[in-house]
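Visitor: Structure provided below as structure tokens; questions to follow.
Each reported figure results from applying straightforward, stated rules to the coordinates on display, with no laboratory input. Note that this is a predicted model, so its numbers are computed, not measured. Neighbour counts run over all protein chains shown; Cβ positions are idealised from the backbone, glycine included.
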Amino acid sequence: GDIPVVKLPYAKIAKQLDISEDILIDTLKKLCQKGVIRRVGATLRHQNSGFESNAMAAWIVEEERVEEVGKKLASFRQVSHCYRRNPTGKWPYNLYTMVHAKNEKSCRETVRMMSEAASVHKYAILFSRRELKKTSMKYFSTDNG
């Protein structure tokens with residue numbers, strides 16, 4: 001679930017679990033060291049912060065450059081996600097970035113700058129038109145639905 005937006009969020013969670021804040025933080029550190037938890041971070045609700053446009057940019061990248069290009073594209077602050085996928089059939093794209101901006105024009109400009117920075121010029125921009133579902137993952141739910 002979500003981390004509460006309070007001055008001492010871990011203290012509040014620890015109290016709900018009836019443990020000390022130190023035990024909670026030590027447990028989280030151990031889970032991170034074991035690789036069970038990759039990271040703990042905040043997620044910006046872009047619609048509420050003035051970012052009204054987002055698009056998935058799909059890129060065609062030579063296989064030997066995917067790692068390098070992926071790191072370059074992911075370094076842009078406007079990018080929230082960067083994934084490598086296998087191309088299929090008539091869809092030749094193998095690298096995907098989710099780009100957020102104030103408006104569609106700014107989004108297109110960001111993708112153009114990314115293209116120049118990574119020297120990748122074969123791409124498609126797929127703008128989101130309507131959000132149908134967006135939820136936080138619940139990994140330990142008792143609900144089987």
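Visitor: What order do you get for THR27, THR110 when you list them from fewest to most C-beta neighbours inside 10 Å?
Guide: Working: THR27 14, THR110 22.
Going from sparsest to densest Cβ surroundings: THR27, THR110.
Visitor: Expressed in nm to one decimal, what extension gain is obtained for the pair ARG77 and GLU64 from 0.36 nm per residue of sequence separation less their Cα-Cα distance?
Guide: Values: separation 13, 0.36 × 13 = 4.68 nm, distance 2.45 nm.
That pair, ARG77 and GLU64, stretches by 2.2 nm at full extension.
Visitor: Report the percentage of all Cα-Cα pairs in segment 46-127 whose separation exceeds 14 Å, rounded to a whole percent.
Guide: Roughly 57 percent, once rounded to a whole number.
Visitor: Right, here's the next one. Counting other C-beta atoms within 10 Å, which of CYS107, CYS32 has the fewest, and how do the rest follow?
Guide: Ascending number of Cβ neighbours within 10 Å: CYS32, CYS107.
Visitor: Give me the extension gain from MET56 to LYS15: residue separation times 0.36 nm, minus the current Cα-Cα distance, reported in nm with one decimal.
Guide: Extra length from MET56 to LYS15 when fully extended: 10.7 nm.
Visitor: Restricting attention to segment 71-131, which GluC sites (Glu not before Pro) occupy a DSSP loop and are surrounded by at most 16 other Cβ atoms within 10 Å?
Guide: Working: sites: GLU104, GLU109, GLU116, GLU131; in loops: GLU131.
Filter output for segment 71-131: GLU131.
Visitor: Calculate, for GLU131 and ILE23, the FRET efficiency according to 1/(1 + (r/R0)^6) with r their C-beta to C-beta distance and R0 35 Å; round to the nearest 0.05. Let's see the in-between values first.
Guide: Values: r = 38 Å, r/R0 = 1.08.
Between GLU131 and ILE23 the formula returns 0.40.
Visitor: If each residue's Cβ is checked for other Cβ atoms within 10 Å, how do THR88, THR97 rank with the fewest at the top?
Guide: So the residues, fewest neighbours to most, are THR88, THR97.
Visitor: Have a look at segment 1-42 and give its Rg and Dmax from the Cα atoms, expressed in angstrom.
Guide: Just the Cα atoms of segment 1-42 yield Rg and Dmax of 10.5, 28 Å.
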